[in-house]
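> Mind looking over this structure? Questions follow.
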Amino acid sequence: MRAEQHLAHELDELAGRHLRRVRRTIGGMQGATVRVGGSEVLCLCSNNYLGLADDARLRDAATAALAEAGSGAGASPLISGHMELHERLERAIAQWQGCEAALVFGSGYHANIGVLAALLRAGDEVFSDELNHASLIDGCRLSRADVRVYRHLDTSDLERQLATSRARRRLIVTDSVFSMDGDRAPLADIVALAERHDAWIMIDEAHAAGVFGDTGAGLAEATGLGGRITVRMGTLGKALGSYGAFVAGSRALIELLVNRARAYVYSTALPPPVIAAAEAAVAIVRADPARREALWGNARRLHQGLERAGIAMQPFASPIVPLVVGEAADALSVAESALARGVLAPAIRPPTVPQGTARLRLTPIATHTAEQIDRAVSVLAGAMQDTRA
Ligand SMILES: Cc1ncc(COP(=O)(O)O)c(C=O)c1O
């Protein structure tokens, strides 16, 4: 068989299990609504939580940076790519996060694989929540440390595993807000365990930065535990409406990453417009709690509306509101029916979520109106009924 035939066979096999993925092309900007195939639909699936991706202040900052500093950084940061804009953004992030220093990575995926592979090596042990994001899982694998997976949010299981560890270095790694369920890591218990068992902690605030805490710094800020967490990672492409990611912590941590994180050292620095947009976003996020309040209000309204429509929902924990359907084919059918009625929320299927828990991962944003949220509730309730009928 030729290569193409092998590949086509693999794709057919995915399609046969309702697991083949296709992209949908979006027109216009990312906002409360987006254009799909010429029609305007409600977007209920992006991570643009605060509605900043199309904000005029970010666009103006990006345009000004394009004019002043050009379209590309031209090199990796240790060569000549670390520009004044990057330096300024890192200082602003360190201040925002209340840490000594911060480092900007090309993406959240880069940050996670970069940090884990830099901090751990063979013989170390990493304790990882079973529902951690794929980039953390890949970082654990890349580090060559022994990976101990603990049951989701289960600190008794984590403690059992920590108690038997004899490794040189122990690191507990967890999403702070879980990307597909929206539930939150029990940070206070994790910190207590880490201190008792001499372990370090890394948290991934991809879905908490901009969303939790008085200044939107994340769940570390909201819980007051930031000073006891070794590594905080967050993204700039979700609530912050730009692209890239940051790691915040001690100066020693950041200096070590500058030396050892291969995903940082061997990759071109982010382009000036992206950095300038992120800097504008950090200032807005810190100063404007009203956006966070609007986001939370919309998320609560959506969750309550779906519950009132008779849909069994997980407890409300964050602006990620999963509508768990079950089988992949059924989730696809609910998503198609919702789109036909003007709501975009694609089906999330294995391996992104465990078998039998395919879902629509609903994420309202700050700039949706109450009327749009109510419309989404009635569309989704109708789509669930269509599928179950
Ligand atoms: C929890 C989590 N961590 C990391 C990432 C990766 O971030 P990025 O999209 O910036 O690569 C994502 C999502 O993409 C995520 O959901």
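The values are calculated or read from the model by the stated rules, or taken from the named source; none is laboratory data. On a predicted model such as this, the values are computed, not experimentally measured, just so you know. In this analysis, Cβ positions are derived from the backbone assuming ideal geometry, glycine residues included, and neighbour counts consider all displayed protein chains. The area values use the complete protein model at the heavy-atom level, side chains included, leaving out ligands, DNA and RNA. Shrake-Rupley method; radii C 1.70, N 1.55, O 1.52, S 1.80 Å.
> If you build a Gaussian network model of the chain, linking Cα atoms that sit under 10 Å apart, which residue out of Thr352, Thr25, Thr223 swings the most?
For the chain, modelled as a Gaussian network with Cα springs under 10 Å, the answer is Thr25.
> Here is a further query. What does the highest-first list of 147-156, 99-108, 292-301 look like by mean Cβ count within 10 Å?
Working: 147-156: 16.2, 99-108: 21.9, 292-301: 19.3.
Ranked from most to least packed, the peptides come out as 99-108, 292-301, 147-156.
> Follow-up question, since we're still on this one. For the chain, what does the helix formula give at 222 nm: sum of -39500 (n - 2.57) over DSSP H segments with n ≥ 4, over the residue count, nearest 500 deg cm²/dmol?
When only DSSP H runs of four or more count, the value is -13500 deg cm²/dmol.
> Measure off, as a whole percent, the carbon and sulfur share of the 1.4 Å-probe accessible area of the chain, all protein chains present. Before the final figure, lay out the partial values.
Values: 8670 of 17260 Å².
It is 50 percent, rounded to a whole number.
> Using a 1.4 angstrom probe and counting only protein chains, how large is the accessible area of Tyr264 in Å², to 10?
Only protein atoms counted, so the area is about 20 Å².
> Applying the Karplus parametrisation 6.51 cos²θ - 1.76 cosθ + 1.60 with θ = phi - 60° to the phi angles of the stretch 330-346, what ³J(HN,Hα) value in whole Hz is obtained for each residue in order, glycine and proline being reported as x?
Calculated HN-Hα couplings, in order: 5, 5, 4, 5, 5, 5, 5, 5, 5, 5, 4, 9, x, 10, 9, 7, x Hz.
> OK, next. With a 1.4 Å probe and all protein chains left in place, how much accessible area per residue does the chain have, in Å²? Could the numbers behind the result be given before it?
Values: 17260 Å² over 389 residues.
That works out to 44 Å² for each residue.
> So what's the net charge close to Ile203: Lys and Arg +1, Asp and Glu -1, counting the other residues with Cβ under 10 Å from its Cβ? Working shown, then result.
Values: positive: Arg232; negative: Asp175, Asp204, Glu205.
So the surrounding residues net to -2.
> Another question, if that's okay. Would you calculate the volume per residue, in Å³, of the smallest convex hull containing every Cα atom of the chain? Spell out each step's value before the answer.
Values: hull volume 62.2 nm³, N = 389.
Per-residue hull volume (Cα only) is 160 Å³.
> Also, quick follow-up: Taking amide H atoms as placed 1.01 Å from N in the peptide plane, list the residues 5 or more away in sequence, or in a different chain, whose amide H sits under 5 Å from that of Val149.
Here the answer is Ser128, since their amide H atoms fall under 5 Å of that of Val149.
> Short version: what are the Cα gyration tensor semi-axes of the stretch 56-287, square root of 5 times each eigenvalue, largest first, in whole Å? Write down the numbers at each step before the final one.
Numbers: eigenvalues 185, 73, 37 Å².
The three semi-axes for the stretch 56-287 are 30, 19, 14 Å.
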